[in-house]
Amino acid sequence: SVYRRFCFYQPATVYTCSYAFSGLALAAFNFGSQLYHSAVCILVQFLMLRLMGRTVTTVLCSFTFQMIYLLAGYYYTATEEYDIKWTMPHCVLTLKLVGLSFDYYDGGQEPSQLSSEQKKAALPSVPSLLEVYGFSYFYGGFLVGPQFTLRSYQKLVAGELTDCPGEPPNSVIPAMKRFALGFLCLVIYAIFSPYYPDSYYLTDEYEAQPFWYRCVFILLWAKVILYKYVSCWVIAEGVCILTGLGYNGVVDGKAQWDACANMKVWLFETTPLFGGTISSFNINTNAWAARNVFKRLKFLGNKTLSHVATLFFLTIWHGLHSGYILCFSMEFFIITVERQALALVRDSPLLSKLANSPLYPLIYVVQQFFHWLFMGYPLVAFCLFTYDKWLKVYSSIYFCGHAFFLVAFLIMPYLRKALVPRKERSQIKQD
């Protein structure tokens with residue numbers, strides 16, 4: 001009876017406590033005494049907000065402290081393998097806490113100076129310590145994400161994220177659908193990953209295979225290895241949907257549950273474009289980087305420079321291994337070339353006609369082959385981490401990915417001259 005009265009008068013406090021302690025239990029189960037790393041960083045972040053106020057100094061201090069703590073963790077715990085240790089969820093937590101400082105700062109700005117995204121996430125007042133801990137340890141996003149704002153969390157504990165006002169959300173079926181999809185991806189990974197281990201790249205058997213076999217292995221390995229991430233994110237999304245955090249309003253009379261979507265699985269499976277795969281993968285982290293890094297670098301006056309700076313941030317956020325640097329630099333180069341190629345197809349009457357011809361299914365198959373081959377190419381460095389390992393693999397396939405995109409980048413201007421009529425080139429340049 002006492003418990004029911006407490007729940008009735010202070011439901012938000014009860015929910016916040018339950019989320020905080022559930023997340024703490026999850027973290028303690030996985031990482032034991034190393035839980036103190038996250039607890040300390042959360043407490044320091046709260047004290048910064050309380051003592052330093054809505055200032056640029058708060059944002060800079062938060063960014064500096066949280067990133068240095070994360071990078072120090074990477075440095076002191078680094079091995080040459082992918083380890084499940086406290087730094088794995090801590091990188092997710094780092095983005096949460098840095099984003100929290102941005103949102104608190106935005107809450108003190110004039111609404112006219114904020115974008116629609118910033119207005120939605122801005123905090124009108126300093127959160128309590130319990131709110132910050134509940135937000136940070138929320139079990140649906142503590143281990144692998146997704147990223148969400150404290151304002152969304154506050155709406156969740158206040159009971160606002162529901163399709164039935166005043167009642168729990170009708171989210172069991174949407175949540176179970178995501179769980180089923182995530183479980184299917186997990187099964188695919190569990191079945192096929194033993195046939196495509198990372199360690200095979202470093203064996204004499206791999207080097208002895210024909211060139212075409214080594215390339216096809218990269219393609220199939222990339223498809224399989226990414227299911228590890230897809231399954232985790234889709235299952236975590238199901239948890240968020242079940243609690244109500246995934247509620248995203250009503251469209252055409254139907255409740256939407258994609259507020260915490262971290263994967264667009266259908267797009268991921270069907271797109272023949274590198275940009276399409278990137279936009280379908282780890283969506284909330286990419287959105288966080290766009291909102292809190294890329295768009296806040298607007299003062300640089302150069303989108304390319306802002307893009308490079310954002311990718312550099314994501315590189316060091318993932319870790320200190322050279323493989324991350326190579327992966328993200330290669331990603332930037334590939335996306336740059338792809339954008340030029342898409343512009344060429346759009347502006348060339350011949351290529352536009354060919355892309356819309358009955359031959360497109362064949363073109364699609366060829367495009368998908370190159371798409372997944374060269375999607376797996378930078379992932380080799382990402383997953384093998386160290387210089388000696390990824391260099392050995394790239395040498396065995398003659399740096400074909402680097403060569404292909406370098407040649408494509410160099411010949412693109414000449415293809416444009418040959419395939420785009422002079423009149424249209426002049427009009428495009430003028431526009």
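The values are calculated or read from the model by the stated rules, or taken from the named source; none is laboratory data. What you see is a predicted model, and the numbers here were worked out from it, not measured in a lab. Here the Cβ is made from the backbone with ideal geometry for all residues, glycine too, and neighbour counts use every protein chain on show. For the accessible areas, the whole protein counts, side chains as well, though only heavy atoms, and no ligand, DNA or RNA atoms are used. Shrake-Rupley method; radii C 1.70, N 1.55, O 1.52, S 1.80 Å.
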> Taking springs between alpha-carbon atoms closer than 10 angstrom, which of Ala255, Ala403, Ala25 fluctuates most in the Gaussian network model of the chain?
Replying inline: Ala403
>> Taking R0 as 51 Å, what FRET efficiency do you get between Tyr76 and Phe183 from their Cβ-Cβ distance, rounded to the nearest 0.05?
In response: 0.90
>> Which of rounded, prolate or oblate describes the stretch 149-189 when judged by the alpha-carbon gyration tensor and an a/c cut-off of 1.5?
In response: oblate
> What net charge do the residues around Thr79 carry, taking every other residue with its C-beta under 15 Å from that of Thr79, with Lys and Arg at +1 and Asp and Glu at -1?
Replying inline: -3
> Of Phe274, Ala222, Cys232, whose Cα points farthest to the positive end of the dipole of the stretch 215-299 (charges on the beta-carbon: +1 Lys, Arg; -1 Asp, Glu; origin at the Cα centre)?
Replying inline: Phe274
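What is the Å³ per residue value for the convex hull set by the Cα atoms of the stretch 265-421?
On the way: hull volume 20.9 nm³, N = 157.
Expressed per residue, the convex hull around the Cα atoms of the stretch 265-421 is 133 Å³.
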>> Modelling each spin label as a point 7 Å along the Cα-to-Cβ direction, I'd like the Ser396/Glu160 distance in nm, to one decimal.
In response: 5.5 nm
> Using a simple spin-label model with points 7 Å from Cα along the Cα→Cβ vector, what separation in nm is obtained for Glu269 and Ala341?
Replying inline: 2.4 nm
> Stretch Ile68-Phe370 to full length: gain in nm at 0.36 nm per residue minus the Cα-Cα span?
Replying inline: 104.9 nm
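Based on the Cβ-Cβ distance from Asp83 to Ala190, what FRET efficiency comes out when R0 is 22 Å, to the nearest 0.05? Walk me through the numbers on the way to the answer.
Values: r = 20 Å, r/R0 = 0.89.
Between Asp83 and Ala190 the formula returns 0.65.
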> the stretch 58-205: percent of C-alpha pairs farther apart than 20 Å?
Replying inline: 65 percent
> Where in the chain lies the longest segment free of chymotrypsin sites (Phe, Trp or Tyr not before Pro) that are both loop residues by DSSP (not H, G, I, E, B) and have at most 14 other Cβ atoms within 10 Å?
Replying inline: 83-397
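If you average the sequence gap of Cα pairs under 8 Å that are 6 or more apart and divide by the length of the stretch 281-431, what percent do you get for the contact order? Can you show the working numbers first?
Numbers: 85 pairs, mean separation 41.0, N = 151.
Relative contact order for the stretch 281-431 comes out at 27 percent.
Can you give the relative contact order of the chain as a percent, counting alpha carbon pairs under 8 Å and 6+ residues apart? Can you show the working numbers first?
Values: 496 pairs, mean separation 66.2, N = 431.
It rounds to 15 percent for the chain.
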>> As a test question: what accessible area, to the nearest 10 Å², does Leu326 have when a 1.4 Å probe is rolled over all protein chains in place?
In response: 30 Å²
>> I need to check one value: relative contact order of the stretch 166-291, counting alpha carbon pairs closer than 8 Å and at least 6 residues apart, in percent.
In response: 27 percent
>> Could you identify which residue out of Gly275, Gly401, Gly166 has the top mean-square fluctuation in a GNM of the chain using Cα springs shorter than 10 Å?
In response: Gly166
>> Using a 10 angstrom Cβ neighbour count of at most 13 plus a DSSP loop assignment to flag exposed GluC sites (Glu not before Pro), which longest range of the chain is free of such sites?
In response: 161-431
>> Less than 14 Å Cβ to Cβ from Val250, Lys/Arg counted +1 and Asp/Glu -1: what total charge do the surrounding residues give?
In response: -3
> Excluding ligands, DNA and RNA, what is the solvent-accessible area per residue of the chain at a probe of 1.4 Å, expressed in Å²?
Replying inline: 52 Å²
> Using a probe of 1.4 angstrom, how much of the accessible area of the chain is carbon and sulfur, in percent?
Replying inline: 67 percent
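Set the Förster distance to 60 Å, then compute FRET efficiency between Tyr213 and Leu51 from the Cβ-Cβ distance, nearest 0.05.
Details: r = 61 Å, r/R0 = 1.01.
Calculated value: 0.50.
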>> Suppose the chain between Thr203 and Lys119 were pulled fully straight at 0.36 nm per residue; how much longer would it get relative to their current alpha carbon spacing?
In response: 24.9 nm
> How far is helix 211-243 tilted off the main Cα axis of the chain, in degrees rounded to 10, range 0 to 90?
Replying inline: 20 degrees
> Along the Cα-to-C-beta direction of Tyr360, a point sits 7 Å from the Cα; which residues of the stretch 260-295 have their amide N less than 20 Å from that point?
Replying inline: 266-277
> In degrees from 0 to 90, rounded to the nearest 10, what is the angle of the helix 172-192 Cα long axis to the longest principal axis of the chain?
Replying inline: 50 degrees
>> Going Cα to Cα from Lys417, which lysines come in below 21 Å? Please leave out same-chain ones fewer than 8 positions away.
In response: Lys353, Lys429
> If you place +1 on the Cβ of every Lys and Arg, -1 on the Cβ of every Asp and Glu, and leave all else neutral, what size is the dipole of the chain about its Cα centre, to the nearest 20 Debye?
Replying inline: 1100 debye
> Length gain on complete extension for the stretch Ala290 to Asn30, per 0.36 nm per residue less the alpha carbon to alpha carbon distance?
Replying inline: 90.5 nm
